[in-house]
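Engineer: Supplied in structure tokens, the structure appears directly below.
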Amino acid sequence: MASGVGILSDWPWKPLGNFKYLLLAPWAMKSTYMFVTKKDPMERDFSTFLIFPFLLLRMAHNQICISLSLVIEQPKETTESLTRALTLIKDDQILFTAILHYLAAYILPNGRNIAIWRTDGVIITIVLHAFVVEFLYYWLHRALHHHYLYSPVTHPFAELLAYIFLFSIPPATTTVTGIGSQAAIFGYMIYIDFMNNLGHCNFEFIPKWFFSVFPPLKYLMYTPSFHSLHHTQFRTNYSLFMPMYDYIYGTVDKSLEDLYQVSLKRKEELPNVVYLTHMTTPDSIYYMQIGFAGLASKPHSSSNSKWYLWLMWPLTTLSTLMIGIYGRTFVVESHRFHKLTLQTWAIPKYKIQIYVKRYPELKVKVVDGSSLAVSVVLNSIPKGTTQVLLTGNLTKVAYAVALTLCQKGIQVASSKEEEYKKLKKSSINMSNNSTTNECLVFSQSYSEKIWLVGDGLSKEEQVKARKGTIFIPFSQFPPKPFRKDCFYHYTPAMHTPSTLQNLHSCENWLPRRVMSAWRIAGIVHGLEGWNEHECGFHTITDIHKVWEATLRHGFHPLPISHLKF
């Protein structure tokens, strides 16, 4: 067992962060400049110029495979062996191979001005891969799994050095011998990426007839089932992309055929709890788990909007049109919590397009989560508070919060006369207690230290707040902060228990492993088995019952330390 992390355990450019891409800048700019300005065919090298665009193509290819894997796989039942989905673009590997491409272009004989196509070079590339690369990879991979060499500490950079040596054999050989071509070199890299993504896509889609038509194909092309068994059974299925060496040396897993058949017949998984969400802006899909992992793993806000998304406006516009015409609901995330299967479904419509239909005989219970949102807001108010200011667009949650506070004897002030009249009318209709009604007042002093705010909170209102005021949202969208001398709480949300599995992305602007109250309410509803709806403006579950059940299942509120200054 390894006692520590070795020098080749990580990429040498890790300290550079996103600036690592600048390592390619000198070569990319030089090759582009030479291709654009030079007229001499020997100096105007098209093959070197293509290296950087090819890098971008590889990254796009990997991203498409990741998104397809997440969209297609999640609605299905998860087989024990098929549990390793694609999650990240291997940009470090792509960056490293791009550096090697540039070095080879300037160092190797015949490395520049490579022909677009040569049939002999393509044939030699195929032969070298099948009988040299696959053979050496099999024995290297098998040796690394021997107990003398195996280590539980991963060494991605060290592994890639070995693999890149093997993968460079066909292109380096054809280039040095003068029979290389752009089709052979770039096509070979695309083949490697495609087969690697195929093996890790986490769902079986290659039909049985595909191998029945050409039986030898099972020795020349692996499947996701084949590769997944290597991760679960450990010392079987060592081959790279062609399983023929596992068949030759007897290391094919005996359960391969059974797993392949079972994986093809996987049934549609029926979730216990479904959380419905929708896109709010055309580029919001990039912040989902099926989008860019780097964006999905961080809270979404206007301050962390990425500049490169502006460069993608043609794709964003096209996707918006396609969603409007052919869009259908798709699964964004799938989680396991105790015995429940939880899924998040994205409705491919934007906020202004959403509408709700009522079905009186609906067997599914609809939960809008208002009761838990009310409970979270109430428990976010510091103990000892005697008065609060409630402002912003009034919602079902706002009315319930105001009524509950008044019933506790806490004064609720409204700075807008129209909002005050609405709150007063609602309070009279829902409670005949005179003390409760007296706690609701109209005031424009803005002296309250606790502000309960909703959508529509303006900058002018925030300016009137006292120094040190705490803004606690009751809406699903956070207010835009303007005061640096005040505190802004998160929207109603809670920490999730560690037993909630597969929670990798952030929910909108919330931190990691923090979930909105509206979403948690549906989970608690399913865990408790409550046979009742919570939807409509006047229907709300008992807030004390919901709060106690939520805490009992391991969810806990955000402490005061999560207030943002």
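Engineer: Just checking, does the range 223-242 include any residue being surrounded by 22 or more Cβ atoms within 10 Å (Cβ to Cβ), of a type outside the set (K, R) and touching a Cys at 6+ places or on another chain (Cβ under 9 Å)?
Structural biologist: yes
Engineer: For S228, state whether it is hydroxyl-bearing (S, T, Y) and closer than 30 Å to Q343 by Cα. Spell out the reasoning first.
Structural biologist: On the way: hydroxyl-bearing (S, T, Y): yes; closer than 30 Å to Q343 by Cα: yes.
Yes: the conditions hold for S228.
Engineer: Which pairs have Cβ atoms under 8 Å, sit 6 or more apart or on different chains, and link a residue in the range 33-44 that is in the same structural domain as N113 (by TED's automatic domain parsing) to one that is not in a loop (DSSP other than H, G, I, E, B) and not charged (D, E, K, R)?
Structural biologist: M34/T48; M34/F49; F35/F46; F35/T48; F35/F49; E43/M34; R44/M34; R44/F35
Engineer: Can you find a residue in the range 482-497 that is assigned by TED's automatic domain parsing to the domain that holds Y399, under 20 Å from the mean Cα position of the chain (by Cα) and in a loop (DSSP other than H, G, I, E, B)?
Structural biologist: yes
Engineer: I would also like to ask the following. Among the numbered criteria (1) within 27 Å of S297 (Cβ to Cβ); (2) in contact (Cβ under 8 Å) with a residue 60 or more places away in the chain, which single criterion is violated by M515?
Structural biologist: Condition not satisfied by M515: (2).
Engineer: Also: Would you mind stating whether W518 is under 30 Å from N429 (Cβ atoms), over 22 Å from the mean Cα position of the chain (by Cα) and of a type in the set (F, W, Y)?
Structural biologist: On the way: under 30 Å from N429 (Cβ atoms): yes; over 22 Å from the mean Cα position of the chain (by Cα): no; of a type in the set (F, W, Y): yes.
No, not satisfied.
Engineer: Ok, one more. Output the residue which, of all residues in the range 507-537 that are more than 23 Å from Y490 (Cα to Cα) and touching a helix residue (DSSP H, G or I) at 6+ places or on another chain (Cβ under 8 Å), is surrounded by the most Cβ atoms within 10 Å (Cβ to Cβ).
Structural biologist: Filtering the range 507-537 for residues that are more than 23 Å from Y490 (Cα to Cα) and touching a helix residue (DSSP H, G or I) at 6+ places or on another chain (Cβ under 8 Å), the one surrounded by the most Cβ atoms within 10 Å (Cβ to Cβ) comes out as E534.
Engineer: Still on this structure, I have one more. Restricting to the range 154-197, give me the number of residues that are at pLDDT 90 or above, under 25 Å from the mean Cα position of the chain (by Cα) and among the hydrophobic types (A, V, I, L, M, F, W, C).
Structural biologist: Here the count works out to 4.
Engineer: Can you tell me which of (1) farther than 30 Å from C535 by Cβ; (2) out of contact with any His (no Cβ under 7 Å at 6 or more places or on another chain) is the one Y238 doesn't meet?
Structural biologist: Unmet for Y238, out of (1) farther than 30 Å from C535 by Cβ; (2) out of contact with any His (no Cβ under 7 Å at 6 or more places or on another chain): (2).
The values are calculated or read from the model by the stated rules, or taken from the named source; none is laboratory data. Quick caveat: nothing in here was measured; it's all calculated off a predicted structure. Please note: Cβ atoms are built from the backbone with ideal geometry, for glycine as well, and neighbour counts cover all protein chains shown.
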